[in-house]
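The values are calculated or read from the model by the stated rules, or taken from the named source; none is laboratory data. Just so you know, these numbers come straight off a predicted model, no measurement behind them. Reconstructed Cβ throughout: ideal geometry from the backbone, glycine too, with neighbour counts over all protein chains shown.
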Amino acid sequence: MNMRFVLLTPLFALILAACGGETEAPSANVMSAGGASAPSMSAQAAEGRVLFGECGICHQVDPSKGHRIGPNLYGVYGSPAARHADFRYSKAMQNSGIVWTEETLDPYLENPAKYVRGGRMAYRGQSDPEKRKALIEYLKTLTDETAGTANAE
């Protein structure tokens with residue numbers, strides 16, 4: 001690829017944005033575990049992937065790996081809470097009846113202890129609604145349909 005093109009493309013996007021021209025936000029290019037290009041994710045999901053670094057201390061998102069202190073979150077979006085038979089969830093989480101969607105993840109990520117009383121997640125929560133939305137958008141990418149985008153550690 002022409003190096004000049006690579007360097008000048010972001011500059012042209014900035015110039016167009018400054019002039020009021022509309023440009024689409026660039027999507028994040030992600031590499032799969034094997035190094036091949038994986039499907040791109042939205043800019044918001046890419047931001048969520050960066051924010052997930054804090055979550056990655058306790059949670060794994062690689063489907064080929066096990067759990068950490070918290071359960072592996074690969075495929076969590078749209079799934080019931082306490083879905084992994086090989087992870088020891090709190091009774092509160094087991095009995096919550098939660099299915100992880102935008103409507104449930106948002107208040108949970110804002111204040112896990114308040115949303116699932118008696119749960120064990122030590123995370124205080126994310127007060128910024130935009131950051132919560134970005135995290136949720138990233139969690140949505142962690143599915144078989146987007147395999148390769150979930151290799152954050």
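The set of residues from the range 62-82 being touching a Gly at 6+ places or on another chain (Cβ under 9 Å) and either of a type in the set (Gly, Ala, Ser) or modelled with pLDDT of 95 or more (or both) comprises ASN72, PRO80, ALA81.
With respect to (1) surrounded by 13 or more Cβ atoms within 10 Å (Cβ to Cβ); (2) under 13 Å from ARG120 (Cα atoms), the lone exception for ILE98 is condition (2).
For the range 79-95, which residues satisfy the criterion of being in contact with a strand residue (DSSP E or B) (Cβ under 9 Å, 6 or more places away or on another chain) and polar (S, T, N, Q)? Result: SER79, single match. Evaluated against (1) touching a Ser or Thr at 6+ places or on another chain (Cβ under 7 Å); (2) surrounded by fewer than 19 Cβ atoms within 10 Å (Cβ to Cβ), ARG124 falls short on exactly one condition, (1).
Regarding the range 5-19, can at least one residue be identified that is surrounded by 13 or more Cβ atoms within 10 Å (Cβ to Cβ), closer than 26 Å to ILE98 by Cβ and either at pLDDT below 90 or in contact with a Lys or Arg (Cβ under 8 Å, 6 or more places away or on another chain) (or both)? No, every residue in the range 5-19 fails to be surrounded by 13 or more Cβ atoms within 10 Å (Cβ to Cβ), closer than 26 Å to ILE98 by Cβ and either at pLDDT below 90 or in contact with a Lys or Arg (Cβ under 8 Å, 6 or more places away or on another chain) (or both).
Would you pick out the residues in the range 57-93 that are closer than 18 Å to ARG120 by Cβ and surrounded by 17 or more Cβ atoms within 10 Å (Cβ to Cβ)?
HIS59, GLN60, GLY70, PRO71, ASN72, LEU73, VAL76, ALA81, ALA82, TYR89, MET93
Scanning the range 116-136 finds no residues that are at pLDDT 95 or above and of a type in the set (Phe, Trp, Tyr).
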